[in-house]
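Below is one structure; the comments refer to it alone.
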Amino acid sequence: MEDRDLMEKELLIIKGVCDLYMHGAIESTTAEVHTAFKDALNTSLDIQNKLYNLMSEKGWYKTCPAEQPKIDAAKQKYSSGCC
């Protein structure tokens, strides 16, 4: 398996982990549990960011810039308080 494939899989896994930790923090019933999930989430987000940056540097994670009309429409939609 190529390095790119491994990193893509690792990135998908860490994104899933972040999602689980975020929901754990949201649904926690005590401050201690909330803090534990929040700390784990922050650590996982740091790992995700490092993976993304490395993949981006290698040209393995390409992004397209958002179109200005779509940005303007989103700004207008959310600044008006409408969902």
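A few remarks follow.
- Dipole of the chain, positive direction: furthest Cα of GLN68, THR35, ALA25, with charges on the beta-carbon: GLN68
- Diffusion coefficient, µm² s⁻¹, Stokes-Einstein with Kirkwood Rh over alpha-carbon pairs of the chain at 4 °C and 1.567 mPa s: 84
- Close amide H partners of TYR61, meaning residues 5 or more places away or on another chain with modelled amide H under 5 Å apart, are SER56.
- Lysine pairs in the chain whose alpha-carbon atoms fall under 24 angstrom of each other, counting only those eight or more residues apart or on distinct chains, come to 12.
- Ranked by the mean number of other Cβ atoms within 10 Å of their residues, highest first, the peptides 48-56, 27-35 fall in the order 48-56, 27-35.
- Accessible surface, the chain, averaged per residue in Å² (probe 1.4 Å): 79
- Estimated dipole of the chain in Debye, rounded to 20 [Cβ of Lys and Arg +1, of Asp and Glu -1, Cα centre]: 360
- Counting only protein heavy atoms and a probe of 1.4 Å, the accessible surface of the chain is 57% carbon and sulfur.
- Span-like helix ranges in the chain, DSSP H, alpha carbon extent 15 angstrom or more, Kyte mean at least 0.0: 3-27
The values are calculated or read from the model by the stated rules, or taken from the named source; none is laboratory data. Just so it is clear, the structure is predicted and the values come from calculations on it, not from any experiment. Cβ coordinates were reconstructed from backbone atoms using ideal geometry, including for glycine residues, and neighbour counts include every protein chain displayed. Surface accessibility is based on the protein's heavy atoms, side chains included, excluding ligands, DNA and RNA. Shrake-Rupley method; radii C 1.70, N 1.55, O 1.52, S 1.80 Å.
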